1. Test of understanding: in a Gaussian network model of the chain with alpha carbons linked when under 10 Å, which of L26, L40, L108 would top the mean-square fluctuation ranking?
2. In debye, nearest 20, what is the charge dipole magnitude of the chain about its Cα centre with +1 on Lys and Arg Cβ and -1 on Asp and Glu Cβ, if you could check?
3. Cα convex hull of the chain: mean projected area in nm², to one decimal?
4. So if we plug the beta-carbon distance of S101 and A77 into 1/(1 + (r/R0)^6) with R0 = 25 Å, what FRET efficiency do we get, rounded to 0.05?
5. As a test question: what accessible area, to the nearest 10 Å², does W150 have when a 1.4 Å probe is rolled over all protein chains in place?
6. From the protein chains alone at 1.4 Å, what is the descending order of accessible area for I48, I41, I75, largest first?
7. In the chain, carbon and sulfur make up what percent of the accessible area (probe 1.4 Å)?
8. With all protein chains present and a 1.4 Å probe, how do Y91, Y99 order by accessible area, largest first?
Amino acid sequence: MAPASASGGSTLPSGFAVLTTFPDLLFIFEFVFGGLVWILIASSLVPIPLVQGWVMFVSVFCFVGTTALLILYMIGAHSGETSWVTLDAAYQSVASLFYLSASVLEALATILMQDGYTSKHYHENISAVVFSYVATLLYVTHAVFSLIRWKSS
């Protein structure tokens, strides 16, 4: 079997190559859409505080985790070790599940608030749901390709 570096694509990039390789390019979009979810949930009125707390936790956790991984990859902290490929696949999988659960709960809370709340609050929550599902799609895509990279390493 060929070493991981010779098999092409089964190792993590470092430096600015992170911004030019797929699926690592998705870090930027996850960062942007996760930040939008965080901002919208923080500024909106959610009728169920537990749902708002979970969605805030997920968006902040994934925002910080994505930022930390992006910085660590850019400075080359992984040194080409395969354990980082495992970490990447595990993080992306957990983030995908977290965001999926947060998206479903936020959509449910938004449906429940359709009557009795101002149009501004309702539309903020609709935006949060849309951006949350976009973030979920990004994390799921990144997780699938990270798992493929992990399997080939």
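The values are calculated or read from the model by the stated rules, or taken from the named source; none is laboratory data. These numbers come from a predicted model, not from an experiment. Don't worry about glycine lacking a Cβ; one is built from the backbone with ideal geometry, like all the others, and counts go over all protein chains shown. Quick note on the areas: whole protein, heavy atoms, side chains included, nothing else; ligands and nucleic acids left out. Shrake-Rupley method; radii C 1.70, N 1.55, O 1.52, S 1.80 Å.
1. Evaluated over the chain, the most mobile residue of the options is L108.
2. Values: 3 positive and 7 negative charges, 28 e Å.
In total the dipole reaches around 140 debye.
3. Numbers: hull surface 34.4 nm².
Taking a quarter of the hull surface, the average projection is 8.6 nm².
4. On the way: r = 30 Å, r/R0 = 1.18.
Approximately 0.25, to the nearest 0.05.
5. Per-residue accessible area (W150): approximately 110 Å².
6. Values: I48 60, I41 0, I75 125 Å².
Sorted by accessible area, descending: I75, I48, I41.
7. On the way: 5920 of 7760 Å².
So the carbon and sulfur contribution to the accessible surface is 76 percent.
8. On the way: Y91 30, Y99 5 Å².
Descending order: Y91, Y99.
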